[in-house]
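The values are calculated or read from the model by the stated rules, or taken from the named source; none is laboratory data. Predicted model, so just to flag it, every value in this text is computed and none were measured. Don't worry about glycine lacking a Cβ; one is built from the backbone with ideal geometry, like all the others, and counts go over all protein chains shown.
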Amino acid sequence: MRGDADRFDFRARGDGSVAIERSGRIVTVLRSQAASRFLAAVSGAGDEDRQREMARVTGNYRRGNERVAGAHPRRRG
């Protein structure tokens with residue numbers, strides 16, 4: 001599993017927004033419907049699923065094509 005420094009954390013704020021943090025810094029803030037959808041998705045979810053959902057909503061996740069991107073014709077020089 002990843003180190004604690006690479007883990008996401010979230011805080012539901014009093015105004016209904018949700019702040020998602022990584023390494024103690026706010027990565028993104030979700031408001032209104034996005035915050036409600038996020039809280040519904042992580043309620044009752046396990047830690048790995050929560051981490052995956054936070055990575056998804058922040059856009060900070062692997063897409064699965066990193067290895068093949070180096071072989072793309074534009075990158076061959």
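Annotations for the structure displayed:
- Listed by first and then second residue, the pairs with beta-carbon distance under 6 Å, at least 6 apart or on different chains, first residue in the stretch 14-33 and among the basic types (Lys, Arg), second surrounded by 10 or more Cβ atoms within 10 Å (Cβ to Cβ), are Arg22/Phe8; Arg31/Ser17.
- Filter result (assigned to a loop (DSSP other than H, G, I, E, B) and either surrounded by 12 or more Cβ atoms within 10 Å (Cβ to Cβ) or among the aliphatic types (A, V, I, L, M) (or both)) within the stretch 1-12: Met1, Arg7
- Qualifying residue in the stretch 13-26 (condition: in contact with a helix residue (DSSP H, G or I) (Cβ under 7 Å, 6 or more places away or on another chain), modelled with pLDDT under 95 and not in a loop (DSSP other than H, G, I, E, B)): no
- Positions within the stretch 20-30 being under 15 Å from Ala41 (Cα atoms) and over 11 Å from the mean Cα position of the chain (by Cα), in sequence order: Leu30
- Residue, modelled with the highest pLDDT, within the stretch 35-77, restricted to residues that are in a helix (DSSP H, G or I), farther than 15 Å from Phe10 by Cα and among the charged types (D, E, K, R): Arg74
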